[in-house]
1. Which one of these is open to solvent by 10 Å² or more (accessible area, probe 1.4 Å) and either in contact with a Pro (Cβ under 9 Å, 6 or more places away or on another chain) or farther than 29 Å from Lys159 by Cα (or both): Val69, Val40?
2. Applying the selection to region 74-119, what residues are away from the ligand (no atom under 16 Å from the Cβ) and farther than 19 Å from Gly133 by Cβ?
3. So which residues in region 121-142 are more than 10 Å from the ligand (Cβ to nearest atom), crowded, with 16+ Cβ neighbours inside 10 Å and within 12 Å of Glu109 (Cα to Cα), if there are any at all?
4. Within region 143-164, how many residues turn out to be of a type outside the set (Val, Ile, Thr) and loosely packed, with under 15 Cβ neighbours inside 10 Å?
5. I need every pair where a residue in region 119-135 that is more than 21 Å from Thr155 (Cα to Cα) and in contact (Cβ under 8 Å) with a residue 24 or more places away in the chain has its Cβ under 7 Å from the Cβ of a residue that is open to solvent by 70 Å² or more (accessible area, probe 1.4 Å) and assigned to a strand (DSSP E or B), sequence separation at least 6 or different chains.
6. Out of the residues in region 115-150 that are assigned to a strand (DSSP E or B) and over 12 Å from the mean Cα position of the chain (by Cα), which is farthest from Val93 (Cα to Cα)?
7. Here are some residues: Ile3, Ile25, Ile11, Ile20. Which one is modelled with pLDDT of 85 or more and part of a loop (DSSP other than H, G, I, E, B)?
8. Can you tell me which residue among Val71, Val145 is within 16 Å of the ligand (Cβ to nearest atom) and β-branched (Val, Ile, Thr)?
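The values are calculated or read from the model by the stated rules, or taken from the named source; none is laboratory data. Bear in mind the structure is a predicted one, so any value in this text is a computation, not a measurement. Here the Cβ positions follow ideal geometry from the backbone for every residue, glycine too, while neighbour counts run over all protein chains shown. These area figures cover heavy atoms from the full protein model, side chains too; ligands, DNA and RNA do not enter into them. Shrake-Rupley method; radii C 1.70, N 1.55, O 1.52, S 1.80 Å.
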Amino acid sequence: MHIDPSERKWIYVVLALSAIFLTVIVYTAVVYNAAPPSNVETIDSAQLHLSEEFAEDRLGARAMADGSVRVTMVAARYGFFPRNVTVPAATPVTFRWATLDVLHGVHAEGTNMATMIVPGFVSQLRTVFPKPGVYQVICNEFCGVGHDYMWSQLTVVPKADWKG
Ligand code: CUA
């Protein structure tokens, strides 16, 4: 079979690019523990204010019996609530998210705390913040005219200073 030399060259380029992309995906999955969220749990987004877990006065961080911390938050146009959450460093933290309205994406800059928040589902992820600091939490899925202003703050304090 005849393959034109320039076509052959581009076949190699495509194969090389595919290998690079695959390597990056596998590398970030293994080294940075980046994985798609696997929690499939449904919720009625229109009734969040009435739910056990996502009612306004239940939101925020709390200590769990196993020594980890659970953070329950709601995303809504245009903010993440509560606006400021404080968690301990070097401690497993489980985030549980639900949206009141449309699809949002949440990311704490400089950390691997990132997930999509899909209407009708609870997004859950577990991570550990090694270093204390103040991290901006931003929305990274376009959700409307106020998308650029949708943010909140995550404060990570030394473990000894955290009060559940
Ligand atoms: Cu919420 Cu963009």
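1. Val40
2. Answer for region 74-119, where residues must be away from the ligand (no atom under 16 Å from the Cβ) and farther than 19 Å from Gly133 by Cβ: Thr94, Arg96.
3. Hits for region 121-142 are Phe129, Tyr135, Val137.
4. Narrowing region 143-164 to residues of a type outside the set (Val, Ile, Thr): 143-144, 146-154, 158-164.
Keeping just the survivors that are loosely packed, with under 15 Cβ neighbours inside 10 Å gives 144, 146, 148-149, 158-161, 163-164.
Counting residues in region 143-164 that are of a type outside the set (Val, Ile, Thr) and loosely packed, with under 15 Cβ neighbours inside 10 Å gives 10.
5. That search, which allows pairs on different chains as well, returns Gly120/Thr42; Phe121/Thr42.
6. Phe121
7. Numbers: Ile25 fails: part of a loop (DSSP other than H, G, I, E, B); Ile11 fails: part of a loop (DSSP other than H, G, I, E, B); Ile20 fails: part of a loop (DSSP other than H, G, I, E, B).
Criteria check complete, one pass: Ile3.
8. Val145
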